[in-house]
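The values are calculated or read from the model by the stated rules, or taken from the named source; none is laboratory data. Predicted model, so just to flag it, every value in this text is computed and none were measured. Methodologically, a virtual Cβ is constructed for each residue, glycine included, from the backbone with ideal geometry; neighbour enumeration extends over all protein chains shown.
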Amino acid sequence: MFWLILLVLFWGMLHSLLASQQAKELTRRWLGDKPNRFYRLGYNVFACVSFLPVLAAMFLIPDRILYYVPLPWSLLLIGGELLAVAALFVGFLKTDVREFLGVRQLGEIVKPSKLTISGLYHYVRHPLYTAGLVFIWLMPLMTVNVLAVNITLTVYVIAGAYLEECKLRNEFKQVYIDYMNVTPMFIPFLKGNKSPPTSS
């Protein structure tokens, strides 16, 4: 369990480091502007591939079952997971999916990003993170290894969300601060969801 936590933490730190503006700027300085178009796509591919050792470790490290939710109650949890997957899909549709994946940057000039505050983003500032956390915590079968990964990923997601919000405040200034004041971070309806300001 200890080594699994360390492995996830290492993945998370590497993931965050490569997502930082400093890493992007360093890459631009080393390689110039043209290769920088591939940065987002390469980052996404690397993030997925580099998580494979974590998945392998979950199966290779000795494990034991902590609990199993039997039928029919497990169906409720699976239903919640399906809703989380649906929320992920809906949340992605509110973003520029091609830009998020890094495909648009390969052949087009990317326009300045716009702040999305409609749809699921009206209820929480990070619906993709919320959906992801709901999915991993509603697993009917919980083992020691799964629990270790879930706890570590949850800490990473929360820390990553705060770092992301620092960048968003720098980018959108008072508009994002106003949005933060009326929209909860992860859990809907905690702040009443007054109408957020119009994005600029």
Problem set entry | Subset tally (residues that are modelled with pLDDT of 80 or more, part of a helix (DSSP H, G or I), out of contact with any Pro (no Cβ under 9 Å at 6 or more places or on another chain) and surrounded by 13 or more Cβ atoms within 10 Å (Cβ to Cβ)) for the stretch 97-126 | 4
Exercise. Given the stretch 1-92, what helices (runs of 4 or more DSSP H) lie entirely inside it while holding 2 or more residues that are aromatic (F, W, Y) and over 19 Å from the mean Cα position of the chain (by Cα)?
Worked result: 2-19
For this session: Mind listing whichever residues of the stretch 5-20 are hydrophobic (A, V, I, L, M, F, W, C), closer than 16 Å to E165 by Cα and surrounded by 15 or more Cβ atoms within 10 Å (Cβ to Cβ)?
Result: A19
For this session: Return the total of residues in the stretch 21-38 being touching a helix residue (DSSP H, G or I) at 6+ places or on another chain (Cβ under 8 Å) and exposed (fewer than 13 other Cβ atoms within 10 Å of the Cβ).
Result: 2
